[in-house]
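The values are calculated or read from the model by the stated rules, or taken from the named source; none is laboratory data. Quick caveat: nothing in here was measured; it's all calculated off a predicted structure. Positions of Cβ are generated from backbone atoms using ideal geometry, with glycine treated the same way; all protein chains shown enter the neighbour counts. Protein only, heavy atoms only, side chains kept; ligands, DNA and RNA dropped before computing areas. Shrake-Rupley method; radii C 1.70, N 1.55, O 1.52, S 1.80 Å.
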Amino acid sequence: MTQQQPVLALDVGGTKLAAGVVARDGTVRSFCQIETAVGEGATAVVKRLLDLGEQAAAEAGLPVGTLGADPAGGSAAPFAAVGVGCGGPLDPETGVILGPPGLPGWDSVPLGRLVAERFGLPTYVENDATAAALGEYRWGGWGVESLVYLTVSTGFGGGIVASGKLFRGAARQGGELGHVVVDWQGRQCGCGARGCAEAYVSGTSIARRAAEAVAGTDSTLVGLAITAKDVAEHARAGDPVARAVWDETTAMLGRMVAVLINVCEPQLVVLGGGVTRAGAQLLDPVRAAALRQAMPPAARACDVVLSKHGDAVGVLGAAAIAYERLGES
(Lines give C-alpha, C1' and ligand atoms only; values in the text may rest on other atoms or scores of the structure.)
Protein backbone atom coordinates (compact mmCIF):
# COMPACT_ATOMS: atom_id res chain seq x y z
CA MET A 1 0.00 0.00 0.00
CA THR A 2 1.29 3.42 -0.94
CA GLN A 3 0.56 6.50 1.11
CA GLN A 4 -1.54 7.79 -1.80
CA GLN A 5 -3.89 4.82 -1.96
CA PRO A 6 -7.32 5.49 -0.41
CA VAL A 7 -9.82 2.81 0.55
CA LEU A 8 -13.28 2.16 -0.76
CA ALA A 9 -15.74 2.13 2.14
CA LEU A 10 -19.22 0.56 2.13
CA ASP A 11 -21.87 0.92 4.83
CA VAL A 12 -24.94 -1.33 5.08
CA GLY A 13 -27.77 0.00 7.23
CA GLY A 14 -31.36 -1.04 7.67
CA THR A 15 -32.56 2.13 5.94
CA LYS A 16 -29.62 3.41 3.87
CA LEU A 17 -26.69 2.05 1.89
CA ALA A 18 -23.67 4.31 1.61
CA ALA A 19 -20.34 4.20 -0.19
CA GLY A 20 -17.38 6.52 -0.25
CA VAL A 21 -13.72 6.90 -1.05
CA VAL A 22 -11.73 7.80 2.05
CA ALA A 23 -8.11 8.96 2.16
CA ARG A 24 -5.66 8.07 4.93
CA ASP A 25 -6.22 11.41 6.66
CA GLY A 26 -10.00 10.82 6.81
CA THR A 27 -10.84 13.05 3.86
CA VAL A 28 -14.00 11.76 2.19
CA ARG A 29 -13.28 12.16 -1.52
CA SER A 30 -16.74 10.99 -2.59
CA PHE A 31 -19.94 9.95 -0.87
CA CYS A 32 -23.07 8.26 -2.26
CA GLN A 33 -26.18 7.11 -0.44
CA ILE A 34 -29.37 5.27 -1.46
CA GLU A 35 -32.26 3.47 0.23
CA THR A 36 -31.50 -0.05 1.42
CA ALA A 37 -34.92 -1.46 0.45
CA VAL A 38 -34.46 -4.53 2.65
CA GLY A 39 -37.68 -6.02 1.30
CA GLU A 40 -35.95 -6.71 -2.01
CA GLY A 41 -33.85 -9.41 -0.35
CA ALA A 42 -30.14 -9.81 0.33
CA THR A 43 -29.07 -10.63 -3.24
CA ALA A 44 -30.64 -7.50 -4.71
CA VAL A 45 -29.41 -5.26 -1.91
CA VAL A 46 -25.83 -6.54 -2.18
CA LYS A 47 -25.83 -5.89 -5.93
CA ARG A 48 -27.02 -2.33 -5.37
CA LEU A 49 -24.34 -1.86 -2.70
CA LEU A 50 -21.62 -3.00 -5.10
CA ASP A 51 -22.96 -0.76 -7.86
CA LEU A 52 -22.93 2.12 -5.37
CA GLY A 53 -19.27 1.36 -4.62
CA GLU A 54 -18.42 1.69 -8.29
CA GLN A 55 -20.35 4.97 -8.41
CA ALA A 56 -18.36 6.31 -5.45
CA ALA A 57 -15.11 5.31 -7.18
CA ALA A 58 -16.17 7.07 -10.38
CA GLU A 59 -17.16 10.24 -8.51
CA ALA A 60 -13.70 10.29 -6.91
CA GLY A 61 -12.16 10.21 -10.39
CA LEU A 62 -10.98 6.61 -10.20
CA PRO A 63 -11.72 4.40 -13.21
CA VAL A 64 -14.60 2.02 -12.70
CA GLY A 65 -13.58 -1.55 -13.48
CA THR A 66 -9.94 -1.11 -12.44
CA LEU A 67 -10.38 -1.10 -8.70
CA GLY A 68 -8.15 -4.11 -8.10
CA ALA A 69 -4.52 -4.74 -8.96
CA ASP A 70 -3.38 -4.31 -12.56
CA PRO A 71 -3.38 -7.88 -13.96
CA ALA A 72 -0.46 -6.97 -16.23
CA GLY A 73 1.63 -6.03 -13.21
CA GLY A 74 1.82 -2.39 -14.19
CA SER A 75 0.68 0.56 -12.11
CA ALA A 76 -0.48 0.10 -8.52
CA ALA A 77 -4.16 -0.42 -7.82
CA PRO A 78 -6.03 2.83 -7.13
CA PHE A 79 -7.34 1.39 -3.84
CA ALA A 80 -5.58 -0.32 -0.96
CA ALA A 81 -8.64 -2.27 0.18
CA VAL A 82 -12.38 -2.22 0.78
CA GLY A 83 -13.83 -1.70 4.24
CA VAL A 84 -17.41 -2.77 4.94
CA GLY A 85 -19.57 -1.89 7.93
CA CYS A 86 -22.77 -3.85 8.46
CA GLY A 87 -25.21 -4.48 11.28
CA GLY A 88 -24.36 -7.54 13.37
CA PRO A 89 -24.12 -10.23 14.36
CA LEU A 90 -21.49 -11.10 11.80
CA ASP A 91 -18.16 -12.90 11.57
CA PRO A 92 -15.45 -10.30 10.94
CA GLU A 93 -12.90 -12.97 10.07
CA THR A 94 -14.91 -14.57 7.26
CA GLY A 95 -17.09 -11.56 6.40
CA VAL A 96 -20.28 -13.61 6.76
CA ILE A 97 -23.42 -11.80 7.97
CA LEU A 98 -25.33 -13.84 10.57
CA GLY A 99 -28.92 -12.64 10.59
CA PRO A 100 -28.98 -9.05 11.91
CA PRO A 101 -32.40 -8.03 13.27
CA GLY A 102 -32.39 -4.97 11.01
CA LEU A 103 -31.67 -7.00 7.87
CA PRO A 104 -34.29 -9.76 7.75
CA GLY A 105 -33.28 -12.66 5.53
CA TRP A 106 -29.55 -11.95 5.80
CA ASP A 107 -28.70 -15.36 7.19
CA SER A 108 -25.15 -16.54 6.40
CA VAL A 109 -24.68 -13.98 3.61
CA PRO A 110 -20.98 -14.10 2.52
CA LEU A 111 -20.75 -10.34 2.09
CA GLY A 112 -16.96 -10.14 2.37
CA ARG A 113 -16.45 -12.71 -0.38
CA LEU A 114 -19.01 -11.07 -2.67
CA VAL A 115 -17.33 -7.67 -2.30
CA ALA A 116 -13.83 -9.10 -2.82
CA GLU A 117 -14.94 -10.95 -5.95
CA ARG A 118 -16.50 -7.82 -7.44
CA PHE A 119 -13.60 -5.49 -6.78
CA GLY A 120 -10.54 -7.76 -6.67
CA LEU A 121 -9.33 -6.12 -3.48
CA PRO A 122 -8.62 -7.17 0.12
CA THR A 123 -11.95 -6.77 1.91
CA TYR A 124 -12.52 -6.31 5.63
CA VAL A 125 -15.95 -6.56 7.26
CA GLU A 126 -16.88 -5.27 10.72
CA ASN A 127 -19.98 -4.46 12.75
CA ASP A 128 -21.03 -1.00 11.60
CA ALA A 129 -21.27 0.60 15.03
CA THR A 130 -17.99 -0.96 16.16
CA ALA A 131 -16.39 0.38 13.00
CA ALA A 132 -17.85 3.84 13.58
CA ALA A 133 -16.29 3.90 17.05
CA LEU A 134 -12.87 3.43 15.47
CA GLY A 135 -13.65 6.09 12.87
CA GLU A 136 -14.55 8.56 15.60
CA TYR A 137 -11.37 7.73 17.47
CA ARG A 138 -9.17 8.04 14.38
CA TRP A 139 -10.73 11.07 12.68
CA GLY A 140 -13.16 12.69 15.11
CA GLY A 141 -10.61 15.23 16.29
CA TRP A 142 -11.57 14.58 19.90
CA GLY A 143 -8.07 14.11 21.29
CA VAL A 144 -9.02 11.28 23.64
CA GLU A 145 -7.71 7.77 24.26
CA SER A 146 -11.05 6.22 25.29
CA LEU A 147 -14.54 6.68 23.94
CA VAL A 148 -17.88 4.94 23.53
CA TYR A 149 -19.74 5.45 20.27
CA LEU A 150 -23.51 4.89 20.05
CA THR A 151 -25.43 4.91 16.78
CA VAL A 152 -29.07 5.91 17.18
CA SER A 153 -30.51 5.02 13.82
CA THR A 154 -32.84 2.39 12.32
CA GLY A 155 -31.25 0.15 14.95
CA PHE A 156 -29.19 0.99 17.99
CA GLY A 157 -25.66 -0.19 18.63
CA GLY A 158 -22.22 0.91 19.66
CA GLY A 159 -18.54 0.34 19.97
CA ILE A 160 -15.83 0.93 22.56
CA VAL A 161 -12.28 2.24 22.19
CA ALA A 162 -10.18 1.79 25.34
CA SER A 163 -6.59 3.06 25.63
CA GLY A 164 -6.54 3.60 21.89
CA LYS A 165 -7.61 0.05 21.06
CA LEU A 166 -10.93 -1.12 19.65
CA PHE A 167 -12.63 -3.56 22.02
CA ARG A 168 -13.85 -6.71 20.25
CA GLY A 169 -14.08 -9.45 22.88
CA ALA A 170 -13.41 -13.19 22.77
CA ALA A 171 -15.93 -13.88 19.98
CA ARG A 172 -15.07 -10.58 18.22
CA GLN A 173 -18.66 -9.44 18.74
CA GLY A 174 -17.91 -7.19 21.71
CA GLY A 175 -19.60 -3.82 21.91
CA GLU A 176 -23.14 -5.05 21.13
CA LEU A 177 -24.43 -2.21 23.26
CA GLY A 178 -27.84 -2.16 21.60
CA HIS A 179 -28.65 -5.46 23.26
CA VAL A 180 -27.85 -4.46 26.79
CA VAL A 181 -31.08 -5.24 28.65
CA VAL A 182 -32.54 -2.15 30.29
CA ASP A 183 -35.87 -3.74 31.29
CA TRP A 184 -35.82 -7.50 31.63
CA GLN A 185 -39.62 -7.72 31.37
CA GLY A 186 -39.82 -5.05 28.72
CA ARG A 187 -40.55 -4.76 25.02
CA GLN A 188 -39.72 -7.54 22.58
CA CYS A 189 -36.51 -6.85 20.67
CA GLY A 190 -35.76 -8.03 17.15
CA CYS A 191 -32.96 -10.20 18.55
CA GLY A 192 -35.54 -12.31 20.42
CA ALA A 193 -34.83 -11.00 23.92
CA ARG A 194 -36.96 -8.61 25.94
CA GLY A 195 -36.08 -5.15 27.14
CA CYS A 196 -32.98 -4.46 25.02
CA ALA A 197 -32.00 -0.82 24.66
CA GLU A 198 -32.62 -1.14 20.91
CA ALA A 199 -36.28 -1.89 21.63
CA TYR A 200 -36.64 1.60 23.14
CA VAL A 201 -34.24 4.09 21.57
CA SER A 202 -33.76 3.03 17.95
CA GLY A 203 -35.52 5.05 15.27
CA THR A 204 -37.69 2.04 14.48
CA SER A 205 -38.74 1.69 18.11
CA ILE A 206 -39.44 5.40 18.52
CA ALA A 207 -41.80 5.27 15.55
CA ARG A 208 -43.45 2.03 16.72
CA ARG A 209 -44.03 3.30 20.25
CA ALA A 210 -45.51 6.52 18.92
CA ALA A 211 -47.86 4.61 16.60
CA GLU A 212 -49.09 2.61 19.60
CA ALA A 213 -49.47 5.73 21.75
CA VAL A 214 -51.62 7.73 19.31
CA ALA A 215 -54.45 5.18 19.28
CA GLY A 216 -57.63 6.84 20.53
CA THR A 217 -56.04 10.29 20.84
CA ASP A 218 -56.30 13.51 18.86
CA SER A 219 -52.51 13.72 18.48
CA THR A 220 -51.18 15.56 15.45
CA LEU A 221 -49.39 12.30 14.63
CA VAL A 222 -52.69 10.55 13.85
CA GLY A 223 -52.90 9.55 10.20
CA LEU A 224 -49.16 9.75 9.55
CA ALA A 225 -46.84 6.90 8.57
CA ILE A 226 -44.91 7.85 11.69
CA THR A 227 -41.11 8.09 11.70
CA ALA A 228 -38.71 9.05 14.46
CA LYS A 229 -38.25 12.38 12.67
CA ASP A 230 -42.01 12.99 12.90
CA VAL A 231 -41.94 12.26 16.63
CA ALA A 232 -39.10 14.75 17.17
CA GLU A 233 -40.77 17.46 15.09
CA HIS A 234 -44.22 17.06 16.66
CA ALA A 235 -42.72 16.92 20.15
CA ARG A 236 -40.95 20.22 19.39
CA ALA A 237 -44.28 21.67 18.28
CA GLY A 238 -45.87 20.69 21.60
CA ASP A 239 -47.89 17.59 20.75
CA PRO A 240 -48.31 15.80 24.12
CA VAL A 241 -48.18 12.25 22.75
CA ALA A 242 -45.06 12.90 20.69
CA ARG A 243 -43.47 14.71 23.62
CA ALA A 244 -44.16 11.80 25.97
CA VAL A 245 -42.58 9.30 23.56
CA TRP A 246 -39.60 11.57 22.96
CA ASP A 247 -39.07 12.22 26.67
CA GLU A 248 -39.20 8.50 27.41
CA THR A 249 -36.63 7.91 24.66
CA THR A 250 -34.17 10.50 25.92
CA ALA A 251 -34.63 9.34 29.53
CA MET A 252 -33.95 5.74 28.56
CA LEU A 253 -30.94 6.69 26.44
CA GLY A 254 -29.60 8.95 29.18
CA ARG A 255 -29.81 6.10 31.68
CA MET A 256 -28.12 3.76 29.21
CA VAL A 257 -25.28 6.24 28.71
CA ALA A 258 -24.90 6.62 32.50
CA VAL A 259 -24.48 2.85 32.84
CA LEU A 260 -21.84 2.85 30.09
CA ILE A 261 -20.00 5.73 31.76
CA ASN A 262 -19.92 3.80 35.01
CA VAL A 263 -18.79 0.54 33.41
CA CYS A 264 -16.31 1.83 30.81
CA GLU A 265 -15.26 5.20 32.29
CA PRO A 266 -14.60 6.72 28.86
CA GLN A 267 -13.43 10.26 28.31
CA LEU A 268 -16.19 10.73 25.74
CA VAL A 269 -19.50 9.27 24.62
CA VAL A 270 -20.26 10.12 20.99
CA LEU A 271 -23.79 9.85 19.61
CA GLY A 272 -24.29 9.36 15.88
CA GLY A 273 -26.89 8.02 13.46
CA GLY A 274 -29.98 9.43 11.79
CA VAL A 275 -31.96 10.15 14.96
CA THR A 276 -29.21 12.54 16.10
CA ARG A 277 -30.30 14.94 13.35
CA ALA A 278 -32.62 16.20 16.10
CA GLY A 279 -29.50 17.87 17.51
CA ALA A 280 -29.84 19.56 20.88
CA GLN A 281 -33.36 18.18 21.28
CA LEU A 282 -31.72 14.77 21.71
CA LEU A 283 -28.30 15.66 23.06
CA ASP A 284 -29.22 18.08 25.84
CA PRO A 285 -31.58 15.83 27.84
CA VAL A 286 -29.45 12.72 27.24
CA ARG A 287 -26.26 14.46 28.30
CA ALA A 288 -27.90 15.96 31.40
CA ALA A 289 -29.46 12.65 32.47
CA ALA A 290 -26.31 10.64 31.84
CA LEU A 291 -23.94 12.92 33.73
CA ARG A 292 -26.42 13.33 36.59
CA GLN A 293 -26.93 9.58 37.05
CA ALA A 294 -23.37 8.36 36.49
CA MET A 295 -21.05 7.98 39.46
CA PRO A 296 -19.50 11.40 40.16
CA PRO A 297 -15.82 10.56 39.44
CA ALA A 298 -16.71 8.89 36.13
CA ALA A 299 -19.11 11.70 35.19
CA ARG A 300 -16.49 14.38 35.87
CA ALA A 301 -14.04 12.60 33.55
CA CYS A 302 -16.52 12.27 30.68
CA ASP A 303 -18.57 14.32 28.23
CA VAL A 304 -21.40 13.40 25.85
CA VAL A 305 -21.33 14.88 22.34
CA LEU A 306 -22.75 14.44 18.84
CA SER A 307 -20.66 13.07 15.99
CA LYS A 308 -19.42 15.73 13.57
CA HIS A 309 -19.62 13.42 10.56
CA GLY A 310 -23.36 13.22 9.88
CA ASP A 311 -24.41 10.60 7.35
CA ALA A 312 -20.77 9.84 6.48
CA VAL A 313 -19.97 8.37 9.90
CA GLY A 314 -20.60 4.80 8.73
CA VAL A 315 -18.38 5.17 5.68
CA LEU A 316 -15.59 6.65 7.81
CA GLY A 317 -15.94 3.74 10.21
CA ALA A 318 -15.67 1.17 7.42
CA ALA A 319 -12.59 2.96 6.12
CA ALA A 320 -11.01 3.02 9.58
CA ILE A 321 -11.45 -0.75 9.82
CA ALA A 322 -9.79 -1.25 6.45
CA TYR A 323 -6.78 0.83 7.47
CA GLU A 324 -6.57 -0.93 10.82
CA ARG A 325 -6.67 -4.39 9.25
CA LEU A 326 -4.03 -3.32 6.75
CA GLY A 327 -1.76 -2.73 9.73
CA GLU A 328 -1.99 1.04 10.13
CA SER A 329 -2.27 2.30 13.68
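Miscellaneous remarks
- Taken together, L268, L283 contain a single residue that is within 20 Å of the chain's Cα centre (by Cα) and either touching a residue at least 60 places away in the same chain (Cβ under 8 Å) or open to solvent by 40 Å² or more (accessible area, probe 1.4 Å) (or both), which is L268.
- Filter pass, G203 being in contact with a Ser or Thr (Cβ under 8 Å, 6 or more places away or on another chain) and within 14 Å of V231 (Cα to Cα): yes
- For segment 218-235, filtering for residues that are open to solvent by less than 60 Å² (accessible area, probe 1.4 Å) and over 26 Å from the mean Cα position of the chain (by Cα) leaves 2.
- Among the candidates V263, V305, V313, residue that is crowded, with 24+ Cβ neighbours inside 10 Å and either of a type in the set (A, V, I, L, M, F, W, C) or outside any helix (DSSP H, G or I) (or both): V313
- Residue within segment 269-279 that is farther than 22 Å from A199 by Cα and either charged (D, E, K, R) or modelled with pLDDT of 95 or more (or both) present: no
- Contact map, segment 91-107: first residue of a type in the set (V, I, T), second residue surrounded by 14 or more Cβ atoms within 10 Å (Cβ to Cβ), Cβ cut-off under 6 Å, separation 6 or more or different chains; pairs are V96/P110; I97/C86; I97/L90; I97/W106; I97/V109; I97/L111.
- Some residue of segment 243-252 being under 21 Å from W142 (Cβ atoms) and crowded, with 23+ Cβ neighbours inside 10 Å: no
- Cross-chain or 6+ apart pairs with Cβ under 8 Å, segment 3-15 first and open to solvent by 10 Å² or more (accessible area, probe 1.4 Å), then modelled with pLDDT under 85 and not aliphatic (A, V, I, L, M): G13/G102; G14/G102
- Answer residue from segment 71-100, given it is more than 14 Å from Q173 (Cβ to Cβ), open to solvent by less than 30 Å² (accessible area, probe 1.4 Å) and of a type in the set (A, V, I, L, M) and is modelled with the lowest pLDDT among those: A77
- Criterion: over 24 Å from A210 (Cβ atoms) and out of contact with any Gly (no Cβ under 9 Å at 6 or more places or on another chain) - qualifying residue of V245, V259: V259
- Residues that are within 22 Å of A298 (Cβ to Cβ), open to solvent by less than 30 Å² (accessible area, probe 1.4 Å) and in contact with a Leu (Cβ under 7 Å, 6 or more places away or on another chain), drawn from segment 131-142: A133, E136
- Looking across G169, G238, G174, G186, one residue alone is modelled with pLDDT of 95 or more, open to solvent by less than 50 Å² (accessible area, probe 1.4 Å) and outside any helix (DSSP H, G or I). It is G238.
- Considering residues of segment 189-217 that are out of contact with any helix residue (DSSP H, G or I) (no Cβ under 9 Å at 6 or more places or on another chain) and outside any helix (DSSP H, G or I) only, the residue most open to solvent (accessible area, probe 1.4 Å): R194
- Residues in segment 102-130 that are on the phi > 0 side of the Ramachandran plot and either part of a strand (DSSP E or B) or surrounded by 24 or more Cβ atoms within 10 Å (Cβ to Cβ) (or both): S108 only.
- Every residue from segment 51-62 that is in a helix (DSSP H, G or I) and more than 19 Å from the chain's Cα centre (by Cα): D51, E54, Q55, A56, A57, A58, E59
- Each residue in segment 143-166 was checked for being assigned to a loop (DSSP other than H, G, I, E, B), buried (at least 16 other Cβ atoms within 10 Å of the Cβ) and not β-branched (V, I, T), and 3 pass.
- Selection count, segment 16-40, where residues are of a type in the set (S, T, N, Q), touching a residue at least 24 places away in the same chain (Cβ under 8 Å) and open to solvent by 30 Å² or more (accessible area, probe 1.4 Å): 1
- Pairs where the first residue, in segment 50-63, is open to solvent by less than 60 Å² (accessible area, probe 1.4 Å) and the second is part of a loop (DSSP other than H, G, I, E, B), C-beta under 7 Å, 6+ apart: E54/V64; A57/V64; A57/L67; A58/V64; L62/P78
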